Every structure is written in structure tokens, then in C-alpha cells.
């Protein structure tokens, strides 16, 4: 099929910008289900498909029946595993590809890649949420919560600043000026609570104006929950209402991941040989000197789905997996983590995606964020305040045939492999049986001629 392609289409196959992925073969070994995968930059999809169909017609090895040929566009929007659109975006299927568009109530934070990073509209100062009364403000930072109150509000409610505290009753160190009073508390101090799930980190404390065992005979009683919600990719706009309801603020940190090979940032579509070493850096943006980044887990998958059932571990519990030829140069001692891996030395796939679980860690007292791969110090010894999974890819494998066209089987389709193996076995069996039949026929034919014309027959006749 490839021999009859126009030169321009053949070049696209050789470069890997167009790939043929065989999905299945079935009875007769003539019915083939395959996919054409195009790079995003390819615009003449229909033309390339027609070139491949024409090449099939011109093939002399097998016959092509246009009546039984069905061509359909694969719908990447039908499954979350097949597209990388944000959950806050709409996936739109197009010929040979798809596009993403943020929903109406969200804004696109990265117009260069539409619909991948959709956020709620930002307020002017996203780390500070201000009450309608202008009396109280909550400031959320990566390591600290601040509550700022107007003195006039406290005087009106007859609340002495010296009675205010965040969390435990002894945490009453307030500072201020002529107009405002400020209380600050660290994430790991004064009974502050931290909770995590897959998408958010919530830091909670309580603003009070009396010790737990005291009573108030004069002035208002103040007991207000204070929550800061942190999200790795979204800024959640939150407000609060008058006394007695939760006060909420918002925080944000961004994590990034990039690849470098031979001291150069990998370009899109670059190919790696099994012996090529790629350097991967995961980092966060923060001004807090106590915040460190830990790469706790890393793994490779054949698709952009980080939860794929097929995965290849690279890093576990902050340490390299022995079989993965991985070396970690930095982890848990700064705002970035670095490691190198020969990814295609142990993964025999045409392309892979790399996923890492990044932890934001705060060093407190004698606790260290650096994992100990000897097992003497667990990663959890320090305060983990947030977790995030970051991904990159695909990384492409360099072909053994000097950049020939990439025709591969779906890595997850074991049925395809079984059918192909069975087809090869049947072909070999047919060849062997044919050889045996030809050999036996030749021998039997010669024996018959000798017996019918030989001396034994003549001697019997003469007798």
C-alpha cells in the first residue's frame, strides 16, 4: 500500500505526522480495521484519506472492494480518554481531529491551546476576598491565613483586639495600626486543619474573641469559621456574609512540567531512541521559601489518560523504580524537581505520556521534605499541603528503520495481537503442509512410473 502513495503523503507517514494504527483483523485476514491518526497541524485530511484509498486500489497483492469499504471520522469527544479538553469546556469533533471551547461562564486562561485551561473570571486581587461591609478581609497565601478587621467595626461591637485569636486560644498575637487589626496563622500552627481531595485543598481555622472557658459579659461574641480553598488550576471566587457564617478566601498555585533532551527543550514531535535520556522537570510558582516540591509518583501510559489500566512506573514514593533506568537529581529541596529517564529502554510502545503526582510540602521545625530512598525517612515526615497530577506528552519512539512510516497495533488491544499471531501461525502451517504434499506427490509419482515400466512387469509378462 505504501509504495503507491504520492510523495507528499508518504513523507507525512515517514515523519510520523500521520500514523496508521491497526485496530483489528478478522476472518479471512482480508478485512482490516485501522485508524489514521493526524497531527493537529495537518489540514488536508480528506486529501490524505483519498490518497490512501487510491493506494489500496492500486495494490497488486490483494483486491480492494470499494463496496465493502467504510470510512468514518473517529469521534474523540465520545470519551474523556481521547481528548484533553477541560471539564469546563465543550469538545467539538472535527474531521480528523477535535477542538475545545470553554463554556460560557468560564474564561480561557491559555488561548494558544483553546479549551484546555478554563477558569472562572478572576477578581482584581484573587488572594484577598473582601466583605461587603468592608469590615473584614481574608487573605489566603500558600502557607498563611490573614484576617484583617477594621478597628471601627471592633469598637462598634465592643470587641477588644486583645481578645481576638485564630484557632487555639493562645494564638492571639494581633498587630495593627490606627485603622485596622490583623491576625495571622500558619497552616501548621494553632490547630489549623488541612484537607485534600483530587481537585482542592481546604485550609480551615476559626476566628474567636474569647478563650474556650470564658464567657462574655460585655460586647459581642465572635466565633466565625475561616476557610481558604486552594485549587491547582482554577481560582474559585468566594465571599462571605455577616457575622456567624463562614468566611472564605481563595489561594492559587500553578504547577508545570517540561522535557529536556541533550540540554535542549524537546520540540513537539521529537523522537527518542531507546538509549536517549530525557530530563523531566516539574516545578511550582511560589514566593514562600518554606514551600518545596516533591515528585512522589511518576508513571508512563500509552494514552493521555493518567488513570489508564496500562501503566509503567518510573518513580514510587519519591524514589526511582529500579527497572526504569531513572535517576533523580533534585526532589523535595526546592520549588522544582528533576529526574532523567531512558523511557523507551523499557517501554516498547510507539509513543507514551508521562504523568507525575506533585506534592507541595512545607518544611516545619526539623521535618524535611526530601524523600529518603534508603527508607530511613518517609516522605510524610513533613507537612504536605497540596497534591496535583501533571502530565506531558506524547513522547515518540524513534523507528528502527531510519524514520520509516509508523504502522503500529493498538497497545491495549490484546485481541489484535492474538489474531495477528494466529494468522502468522496459520500461514506458516499452510506453507509447511504444502511443502510436504509436493514432496510426497513427487516421490509417489516416480515410484508409480518405475513399477509400471520396470523389469518386474516384463518378467511376469514373458512368463
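The values are calculated or read from the model by the stated rules, or taken from the named source; none is laboratory data. These numbers come from a predicted model, not from an experiment. Note: ideal-geometry Cβ built from the backbone for every residue, glycine included; neighbour counts use all protein chains shown.
Details
- Residues of region 322-379 satisfying the condition of being at pLDDT 80 or above, buried (at least 17 other Cβ atoms within 10 Å of the Cβ) and either in a loop (DSSP other than H, G, I, E, B) or out of contact with any strand residue (DSSP E or B) (no Cβ under 8 Å at 6 or more places or on another chain) (or both): 325, 331, 332, 335, 342, 347, 349, 350, 369, 370, 371
- Strands (runs of 3 or more DSSP E) contained in region 31-141 and holding at least 1 residues at pLDDT 70 or above and more than 30 Å from residue 159 (Cβ to Cβ): 31-38, 89-94, 97-102
- Applying the set (1) assigned to a loop (DSSP other than H, G, I, E, B); (2) surrounded by 22 or more Cβ atoms within 10 Å (Cβ to Cβ) to residue 314 leaves exactly one unmet item: (1).
- Residue 236 vs. criteria outside the structural domain of residue 147 (by TED's automatic domain parsing), at pLDDT below 80 and surrounded by 14 or more Cβ atoms within 10 Å (Cβ to Cβ): no
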